[in-house]
Amino acid sequence: MHEGHTPPTSHQTDLKKVMRAELGDQTWQFPLDRIARMLSAKKRNAPLDDKVIDHLGNYTCVSDSPGFMKKLKNAVMKLGPRLKDIQWPSGPDERTFYTPLAQFLNACVSVCKEELTDDDRYTKGPFHDLEFIVYDKETQDSVDGASPVKPDLVGGKKFMAFADSDDCKVKSARLYWNPPDKNTSPILLPVEVKDNWIELVCQAATYARCLFSTSPLRQYSLVLGYNHKESTFRFLIFHRGGLSASLPLDLHDEDSHKSLLHVFLSLLSCSHARDAGIAAWCNERQFKLPVDNSDKPDYVVANVDEILHDGNCCRGRANRVMGISYGVPKDVSTSPLPMATTPLFPVTQLRRSARIANAEAKKVEAPVNSKKSSRNQVDSRTRSETKVSTIPDPSTLAITPIAVYGPTRVLEDVKQEPMILVKPLNPCRDETSHGFIKAAWPKLDLGSGCSSIPEAQMLNVCGDKFGTSQHHYSFPANHSHGIPTSNHIFLPTETELKKGVAEFHWNLFYPRQKHSTPSPEYRSLWIHVGKLIGTSLVSSPTPLVLFTAILHAMLGWLAICQEALQHRDVSVGNVLRMENPVEMPSFKFKSDIADLMGTLSLSETLPFTVTDQIARLKSSLAELKVNTRCSGFIIDGDMAIDWKTYFDANHDGTRSGTPEFMSDRLRRSLRLPRAYVQSTVDDLASFYYVGQWAAVFNPSHQSDLLEELRNDIAGSVTSRESASSRTINLSPKLFSDRQDYGLFLLCCKPTLAAWKNSITSLDERFQEAMQELIARSDGKIDPDTHRSLFLSFAYHGVADFAQILERNGASLASYDKLAS
């Protein structure tokens, strides 16, 4: 789970519940000296290797140097006298603790500043002039339309100008996470005060979410937490794998002050934004991308024109897709970077409703780390599905959504190793090219030892085939000074992992339940660059355009299957069409498929061969004149799996997909305590539900009954199945049906009805074939046979749909005449 973005919600109480579920059991804690090294400026002293877990032993940290330790000793000596006048309350009211805590934090920062006054690293660093004030009011911007958060205290540059000098309380300033005025300091370090850590961490996670929104590719978000009931303090490092916190520190214990100052001095010693985990080769409005070009430069500046998908979250892949334009100016040496002054907002997307998302979560909820839950795990992103694409006008909103302004930083060269080049960027001078960037944080597969597999592998071998996104390259995004953009250093090391990591696990949300220690989620930032930007199937102008685009995308999916990979997340957000068809290499059947697959004939249940299905599909593609003009394609390999390992005995039954588009059988399996192997038939059923969704949500018609049908399509398995039945039983001859549901859907009905029958039959035959194979093999199907079966049904399903289009072409084409 937790592979998508945080679902939108307007109330803080609901959002905190969502953040708690998002963090789950991925909460860790470490000693203060280790936290100080995590947050310190550092230099890599070992070669990069993305196949192993990175660790702090690979770095020389500023906080390790003798000069640093001398400064720390001096700061500790100065701190004591400055704390004597701070009056700590003793009552239960948390607000009475705000002012003394701000005074305490400012005292810590001030003694560190004095030690760094002559240090260029500090004076140029991201935390220069750091100060804390009491805030306790709503911020001026918020995320995804949620209510603005109210941090108790905030740290930023020269914030004391807004406060009374005695109590550190803000006078009238209204602060932003990302101010529209570049001369105004943003909130850098939010602080939360609560009387228990569960509530505190959930609230702190909402602040981390805001920080991630201001800079989505940042390595981590830091929030400070104070439990006033226990008088304990923690540094809370939120990253894409969850939370890594410092062990609790008693602020009234003088012996603990050295550890506290160790961390603050490490933060203030950062000399560059990249030392604080901010990508220096990207400022969210522009990227520096490497090009394969003998004519300089080695890098090209890509401008972000549009945010196509924003998977904002704390823990998860945090997928972010951006439309870009790039080119090489005539005079590379003198042309300045263009300044972007207009705020950039994510495209508004049809997200899963909170009601549906929460209901779905409740259905699949199981105790974390139980044997049952590992089999029922849903590797699902609850992703946005495009219904209407508009950019919100901030002037119409009471609270401004967090937007990205820029450029605010000088761009540095991105470092990549290794890079997978399929179609390298090779722009001509004074010409503009277009494409997209996808940034994602996949988990490191500890078994294969490579975080790039299978998505980068899928894009590498399939990214230039018919029905795919025309991939350029993928690479792990590393900082220019040799540090990977990952969360590895915030988690236990590989050696610790082998010995057991229970000592580092903070069992925050389930303290009274016995659970086995979870495996940490090691994630790294990967960048994928491609050529094609599509649009939603929902906006298809005619039924024929819709289903032709789906067929072309299915061929892209089939090309992936031919490479022994399976997509496993077919959804209306991952199957796109193009306004104008583009030239692509024609679809190719792999020449060795028939030999590889053999005949695989299973008596009565599967009386066909792979060769039979290939011949049938070839015939239909020829009749439909499918050649090199492609109008639809499939994107995203986030959930893809490799059949070479998928059928191994250690497969844990992990499911993948977007619930609205999962097959009935797959979706119902989420509630069953037995293993499930996700098949190509499940993907084929998802294509059907994508087609149904796009037909039902087509904006050409609006009515109360159609809106009711749309709600049911987006609902539970039962309501979706009822809606499917109503859809395929519509009659084009009835004027009432045309009036209630619209001409577009009625013209789609014959194709959807035939397709639904095909999927039902395919599923029944697949289950029978599986049953027979299991009986023949004493319960264990060998991987080659499994793969043969999956690929056989993949060809079968695509051939079925192509024949349906062949038979229904005339009725689909009639829409233009009837509509006019």
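Here are the numbers:
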quantity: Given (1) among the polar types (S, T, N, Q); (2) more than 18 Å from W441 (Cα to Cα); (3) touching a Lys or Arg at 6+ places or on another chain (Cβ under 8 Å); (4) crowded, with 17+ Cβ neighbours inside 10 Å, index of the condition T535 fails; calculated: (4)
quantity: Cross-chain or 6+ apart pairs with Cβ under 9 Å, segment 627-654 first and modelled with pLDDT of 85 or more and polar (S, T, N, Q), then assigned to a strand (DSSP E or B) and surrounded by 22 or more Cβ atoms within 10 Å (Cβ to Cβ); calculated: S631/R577
quantity: Among (1) buried (at least 18 other Cβ atoms within 10 Å of the Cβ); (2) modelled with pLDDT of 95 or more, the one test that N58 misses; calculated: (2)
quantity: Search result, residues across segment 772-782 that are over 18 Å from Y646 (Cβ atoms) and touching a residue at least 24 places away in the same chain (Cβ under 8 Å); calculated: E772
quantity: Check on F212, crowded, with 22+ Cβ neighbours inside 10 Å, under 21 Å from the mean Cα position of the chain (by Cα) and farther than 19 Å from T139 by Cα; calculated: no
quantity: Complete set of residues in segment 729-782 that are of a type in the set (D, E, K, R) and at pLDDT 85 or above; calculated: D737, R738, D740, K749, K756, D763, E764, R765, E768
quantity: Neighbours by Cβ (under 6 Å, 6+ apart or cross-chain): first from segment 258-283, in the same structural domain as E131 (by TED's automatic domain parsing); second aromatic (F, W, Y) and outside any loop (DSSP other than H, G, I, E, B); calculated: V263/F235; L268/Y122
quantity: Test: residue in segment 236-250 that is hydroxyl-bearing (S, T, Y), at pLDDT 95 or above, surrounded by fewer than 23 Cβ atoms within 10 Å (Cβ to Cβ) and within 25 Å of K73 (Cα to Cα); calculated: no
quantity: Residue in segment 782-802 that is under 27 Å from K817 (Cβ atoms) and buried (at least 18 other Cβ atoms within 10 Å of the Cβ) present; calculated: yes
quantity: Within segment 113-158, considering residues that are under 31 Å from the mean Cα position of the chain (by Cα) and acidic (D, E), the one surrounded by the most Cβ atoms within 10 Å (Cβ to Cβ); calculated: D141
quantity: Test: residue in segment 633-655 that is crowded, with 24+ Cβ neighbours inside 10 Å and under 23 Å from A753 (Cα atoms); calculated: no
quantity: Unique residue being in contact with a Phe, Trp or Tyr (Cβ under 7 Å, 6 or more places away or on another chain) and basic (K, R) when the list is K756, K780, K749, K817; calculated: K756
quantity: Strands (runs of 3 or more DSSP E) completely within segment 123-222 that count 1 or more residues being modelled with pLDDT under 95; calculated: 130-134, 153-157
quantity: Any hit, segment 744-756, residues being more than 33 Å from the chain's Cα centre (by Cα), closer than 15 Å to T680 by Cα and not aliphatic (A, V, I, L, M); calculated: no
quantity: Subset of segment 455-485 [of a type in the set (A, V, I, L, M, F, W, C) and within 18 Å of the chain's Cα centre (by Cα)]; calculated: A456, M458, L459, F475, A477
quantity: Selection count where residues are in a loop (DSSP other than H, G, I, E, B) and not basic (K, R), scope segment 462-488; calculated: 15
quantity: Identity of the residue in segment 61-109, hydroxyl-bearing (S, T, Y) and surrounded by 20 or more Cβ atoms within 10 Å (Cβ to Cβ), that ends up farthest from L251 (Cα to Cα); calculated: S63
quantity: Among the residues listed as P81, P66, P100, the single one being at pLDDT below 95 and either over 30 Å from G482 (Cβ atoms) or in contact with a strand residue (DSSP E or B) (Cβ under 9 Å, 6 or more places away or on another chain) (or both); calculated: P81
quantity: Pairs, first without any contact (Cβ under 8 Å) to a residue 60 or more places away in the chain in segment 739-765, second charged (D, E, K, R) and surrounded by fewer than 21 Cβ atoms within 10 Å (Cβ to Cβ), C-beta under 7 Å, six or more apart; calculated: L746/D737; L746/R738
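The values are calculated or read from the model by the stated rules, or taken from the named source; none is laboratory data. Not measured: the values here are computed from a predicted model. Virtual Cβ from ideal backbone geometry, glycine too; neighbours counted across all protein chains shown.
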